[in-house]
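J.: Quick one: the structure is below, questions incoming.
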Amino acid sequence: MSDVNDRGTKKWTALMMPEHEEMLRKWWAAQDYKEKPILDEQQKEEINARLQAAFHNSLPVEVTYYNRGEFLTAKGKLLNISPFKLMLEDNFAIELQNVLDVSIDE
């Protein structure tokens with residue numbers, strides 16, 4: 001026997017056309033989408049200074065970065081800094097253009 005609370009979901013999805021379901025999924029995804037902030041030169045310089053200090057002193061960092069409409073964080077020691085990427089422990093790479101903030105965990 002079906003659960004009474006589950007009936008509403010089953011009832012409406014049976015009446016929806018596949019195109020409507022797809023539109024509804026896209027709409028839900030758009031509601032969670034965040035725009036990438038634009039950093040000014042001073043913010044970029046501060047981030048660069050923190051990255052250099054952490055790299056040269058082998059200190060762990062917490063990096064806040066942007067990825068496909070989301071703000072994410074990664075923690076670890078920096079293995080390498082190139083003009084385009086940061087490489088953290090466990091070969092986790094972050095594109096430098098997506099880095100929003102860096103804090104040093106001492």
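J.: Hey, fewest Cβ within 10 Å first, where do Met17, Met87 land in order?
T.: Met17, Met87
J.: Would you order Phe71, Phe55 from fewest to most other beta-carbon atoms within 10 Å of each residue's own beta-carbon?
T.: Listing Phe71, Phe55 from fewest to most nearby Cβ atoms yields Phe71, Phe55.
J.: A further question on this structure: With a 10 Å Cβ neighbour count serving as the proxy for reagent exposure, in which order, fewest first, do Ile94, Ile104, Ile38 appear?
T.: With the sparsest Cβ surroundings first, the list reads Ile38, Ile104, Ile94.
J.: Shifting gears a bit: What is the spin-label model distance, in nm, from Asn80 to Thr64 if the labels are put 7 Å beyond Cα along the C-beta direction?
T.: Between Asn80 and Thr64, the label points sit 2.8 nm apart.
J.: Right, next: What does the charge add up to near Glu46, with Lys and Arg as +1, Asp and Glu as -1, over the other residues with Cβ less than 13 Å from its Cβ?
T.: Around Glu46, the charge tally is -2.
J.: Evaluate the Debye formula for the stretch 41-104 with equal point scatterers sitting on the alpha carbons, no solvent, and hand back log10 of I(q)/I(0) at q = 0.17 Å⁻¹, in q order, two decimals.
T.: Computed log10 I(q)/I(0) values: -0.49.
J.: Which cross-chain or sequence-distant (5 or more) residues have an amide H under 5 Å from the amide H of Asp101, H modelled 1.01 Å from N in plane?
T.: Hits under the 5 Å cutoff: Thr64.
J.: Then there's this: Residues with beta-carbon under 12 Å from that of Gln97, excluding Gln97: net charge, scoring Lys, Arg +1 and Asp, Glu -1?
T.: +2
J.: Could you give me the ³J(HN,Hα) list for the stretch 61-71, computed from phi with Karplus coefficients 6.51, -1.76, 1.60 and θ = phi - 60°, whole Hz, x at Gly and Pro?
T.: With coefficients 6.51, -1.76 and 1.60, one gets 10, 10, 10, 9, 9, 9, 8, 6, x, 10, 9 Hz.
Each value in this text was obtained by applying a stated rule to the coordinates, not by laboratory testing. Remember, predicted model here, so these are calculated numbers, not experimental data. Positions of Cβ are generated from backbone atoms using ideal geometry, with glycine treated the same way; all protein chains shown enter the neighbour counts.
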